[in-house]
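One structure is given here, and the rest of the page talks about it.
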Amino acid sequence: MVEQSRYAGIPRWVVVVAAIGALFVLLPLAAMITRVNWGEFVGLVTSESSVSALLLSLRTSLAATALCIVLGVPMALVLARSRFRGQRILRSLVLLPLVLPPVVGGIALLYTFGRRGLVGQALDGLGISIAFSTTAVVLAQTFVALPFLVLSLEGALRTVGTRYEAVGATLGAGPTTVLRRITLPLVLPALVSGAVLSFARALGEFGATLTFAGSLQGTTRTLPLEIYLQRETSPDTAVALSLVLVVAAVVVVGIAHRAGSTRYLRGAL
């Protein structure tokens with residue numbers, strides 16, 4: 001009776017396949033945990049190079065998340081609240097980094113902001129060099145993380161509709177006031193969820209960062225790059241740092257899920 005009530009309406013074979021899928025995700029993580037050298041774990045994750053990479057990853061990921069919010073909120077608003085020719089094509093291009101291999105994104109950024117790039121040439125003439133710098137790390141992370149915020153926020157904007165905004169406009173509120181006092185509070189859980197997911201994607205970024213920013217300790221070597229380098233020279237360090245990223249990812253996903261649940265409950269009410 002307990003099993004029937006718990007899985008009411010779900011065929012048994014679906015539950016079996018779901019369990020296999022869960023094992024497919026969890027077994028590699030469990031296998032990695034069994035390889036962690038717990039006796040030296042603290043020393044491995046607190047070495048100079050590890051701490052430097054971790055702090056750099058946190059700083060650049062936070063900066064990339066802030067940039068995603070600054071750029072992503074207006075993009076989501078335009079896509080959700082306006083109609084214009086070529087909108088579907090624009091949306092596809094905006095979301096392209098979701099399916100684009102990160103190394104391709106890194107090459108695109110390099111030919112845009114590199115010393116001989118489309119924009120980089122003009123910046124180099126002004127004495128500004130972006131490629132292979134910490135700024136390049138932030139731009140690479142923003143490039144791959146921005147679609148997560150845009151996608152999350154655009155969906156929320158379409159879900160809440162425009163009726164409350166229309167009421168505010170009828171009462172004499174200007175567009176900026178409506179945006180600040182009505183629109184953004186309504187979609188705040190989605191904004192938080194999208195920002196958290198963008199942070200997680202930025203924190204785990206590897207390919208675009210390596211291609212566009214390189215791997216200079218203390219400057220561009222983020223935690224994923226440090227893990228990749230340590231994989232050959234110190235497997236124990238690589239596993240320990242990987243576990244740190246896994247824990248961070250679990251926390252981030254939990255926060256995003258909580259924000260998404262809050263959004264759902266508000267919508268239901």
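Tabulated data
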quantity	calculated
Helices (runs of 4 or more DSSP H) within segment 128-188 that include 2 or more residues modelled with pLDDT of 85 or more	134-160, 175-178
Selection within segment 60-90 - without any contact (Cβ under 8 Å) to a residue 24 or more places away in the chain and either basic (Lys, Arg) or in contact with a Gly (Cβ under 6 Å, 6 or more places away or on another chain) (or both)	Arg83, Arg85, Arg88
One residue from Thr142, Thr177, Thr112 being surrounded by fewer than 16 Cβ atoms within 10 Å (Cβ to Cβ), closer than 23 Å to Ala66 by Cα and out of contact with any strand residue (DSSP E or B) (no Cβ under 6 Å at 6 or more places or on another chain)	Thr177
Enumeration of residues in segment 61-112 that are outside any helix (DSSP H, G or I) and closer than 16 Å to Phe143 by Cβ	Leu95, Val99, Leu100, Pro101
Yes/no for Pro97 being surrounded by 19 or more Cβ atoms within 10 Å (Cβ to Cβ) and over 23 Å from Val178 (Cα atoms)	yes
Residues of segment 5-29 that turn out to be surrounded by 11 or more Cβ atoms within 10 Å (Cβ to Cβ) and among the small types (Gly, Ala, Ser), as a count	1
The listed residue being touching a residue at least 60 places away in the same chain (Cβ under 8 Å) and over 29 Å from Thr176 (Cβ atoms), out of Gly117, Gly106	Gly106
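Conditions tested, residue by residue: (1) within 22 Å of Thr60 (Cα to Cα); (2) under 21 Å from the mean Cα position of the chain (by Cα); (3) of a type in the set (S, T, N, Q); (4) surrounded by fewer than 16 Cβ atoms within 10 Å (Cβ to Cβ).
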site	(1), (2), (3), (4)
Gly120	yes, no, no, no
Gly125	no, no, no, yes
Leu146	yes, yes, no, no
Arg163	no, no, no, yes
Ala173	no, no, no, no
Ile182	no, no, no, no
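The values are calculated or read from the model by the stated rules, or taken from the named source; none is laboratory data. What you are looking at is a predicted structure, and each value in this text was computed from that prediction instead of being measured. Don't worry about glycine lacking a Cβ; one is built from the backbone with ideal geometry, like all the others, and counts go over all protein chains shown.
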